[in-house]
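The values are calculated or read from the model by the stated rules, or taken from the named source; none is laboratory data. Just so it is clear, the model here is predicted, and its values are computed rather than measured. Counting neighbours? That spans all protein chains shown, and the Cβs are built from the backbone with ideal geometry, glycine included.
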Amino acid sequence: MRKSMNKYFPLFVLPTLIAFTLFFIIPFLMGIGLSFTKFTTVTNAKWVGLDNYIKAFTFDSEFTHALGFTALFTVVSIVTVNVFAFALAVILTRGLKGTNIFRSIFFMPNLIGGIVLGYIWNLLINGVLAPFGIDITYKAQYGFWGLVILTNWQLIGYMMVIYIAGLQNIPGDLVEAASIDGASPLVTLFKVKIPMVMPSITICTFLTLTNTFKMFDQNLALTAGAPEKNTEMLALNIYNTFYGRIGWQGVGQAKAVMFFIIVAIIAFVQLRATNKKEVEQ
């Protein structure tokens, strides 16, 4: 059996490897190269060194604002999504009637596309604000919390399923032993259950971090960066720079490279930090 698998392994892996190289590795490397050039198409690129990177920070205050806005939004979303998702997971693993129906209902928003969600919540929030003569673009705070609400509604169900799987894998004997020793439900939660689901917390934190930091379509549909680009996140800022500003394609590409580096570093640090917690348990 093993010999047969080794024989046909290249046959199954090679097409995927070729596709991955052609449609990801090569464009990614080309993108890094183009970030050091001024261009309108890939055939007329002119080398400018680090000018695009310098220009992104010194001549474009919108980029630094988008970076700060995205970082704040990501932190708030990580906390709210994971707290609510874990709370729902705890409730739905208590053996209550109808839990399977509730799991399906909570998970359904994750199946809806980001653009559709953005327009749905745009209509809902503007409907609430309409009696006051304003809409979601009236203040940046409205757009910020609108994005937080949308993100929570979309991601909580997905993270809840992961937390449920982690909670169900906790040995019943461990919880029973804590109860016999006189531990209250709250103590059992913080001293037994949460440490035992650290692998799930690692996964959910990573998924929430990456999904919120690189959010684009929800931001475009809900606020489009309004008012005055105060709710513009990094991905939307890069898009607007590349396609909306003539002669700034190289700057947009430089922003995209920095965006990738920032997300990669933050995700790596987060994974190391939470993995360390797993080892210590």
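Of all residues in region 4-42, those satisfying the criterion of being under 18 Å from Lys255 (Cα atoms), surrounded by 10 or more Cβ atoms within 10 Å (Cβ to Cβ) and among the polar types (S, T, N, Q) are Ser35, Thr37, Thr40. Does Ile170 satisfy the criteria of being of a type in the set (Val, Ile, Thr) and either within 25 Å of Phe259 (Cα to Cα) or out of contact with any Ser or Thr (no Cβ under 6 Å at 6 or more places or on another chain) (or both)? Judged against the criteria, Ile170 is a match.
Between Phe59, Phe73, Phe63, the distinction of being in contact with a Lys or Arg (Cβ under 7 Å, 6 or more places away or on another chain) and not hydroxyl-bearing (Ser, Thr, Tyr) belongs to Phe63 only. Thr223 meets all of the listed conditions (1) crowded, with 18+ Cβ neighbours inside 10 Å; (2) of a type outside the set (Phe, Trp, Tyr); (3) closer than 17 Å to Thr64 by Cα but one, namely (3). Of all residues in region 153-184, those that are in a helix (DSSP H, G or I), more than 23 Å from Val79 (Cβ to Cβ) and not β-branched (Val, Ile, Thr) total 8. Tell me which residues, restricted to region 43-57, are exposed (fewer than 10 other Cβ atoms within 10 Å of the Cβ) and either of a type in the set (Val, Ile, Thr) or touching a Pro at 6+ places or on another chain (Cβ under 7 Å) (or both). If the condition is that a residue be exposed (fewer than 10 other Cβ atoms within 10 Å of the Cβ) and either of a type in the set (Val, Ile, Thr) or touching a Pro at 6+ places or on another chain (Cβ under 7 Å) (or both), then Thr43 is the only one that fits. Scanning region 98-122 for residues that are touching a helix residue (DSSP H, G or I) at 6+ places or on another chain (Cβ under 9 Å) and assigned to a loop (DSSP other than H, G, I, E, B) yields a count of 2.
When Ala264 is tested against (1) without any contact (Cβ under 8 Å) to a residue 24 or more places away in the chain; (2) of a type outside the set (S, T, N, Q); (3) under 30 Å from Tyr138 (Cβ atoms), only condition (3) is not met. Checking each residue in region 93-121 for being surrounded by 12 or more Cβ atoms within 10 Å (Cβ to Cβ), over 15 Å from Cys204 (Cβ atoms) and over 16 Å from the mean Cα position of the chain (by Cα) picks out Thr93, Thr99, Phe102, Arg103, Val116, Tyr119, Ile120, Trp121. Within region 1-38, being assigned to a loop (DSSP other than H, G, I, E, B) and either at pLDDT below 90 or over 18 Å from Ile238 (Cβ atoms) (or both) holds for one residue alone: Met1.
Out of Phe63, Phe86, Phe69, Phe107, which single residue is in contact with a Gly (Cβ under 8 Å, 6 or more places away or on another chain), in contact (Cβ under 8 Å) with a residue 40 or more places away in the chain and of a type outside the set (Gly, Ala, Ser)?
Working: Phe63 fails: in contact with a Gly (Cβ under 8 Å, 6 or more places away or on another chain); Phe86 fails: in contact with a Gly (Cβ under 8 Å, 6 or more places away or on another chain); Phe69 fails: in contact with a Gly (Cβ under 8 Å, 6 or more places away or on another chain).
That would be Phe107, the only listed residue that is in contact with a Gly (Cβ under 8 Å, 6 or more places away or on another chain), in contact (Cβ under 8 Å) with a residue 40 or more places away in the chain and of a type outside the set (Gly, Ala, Ser).
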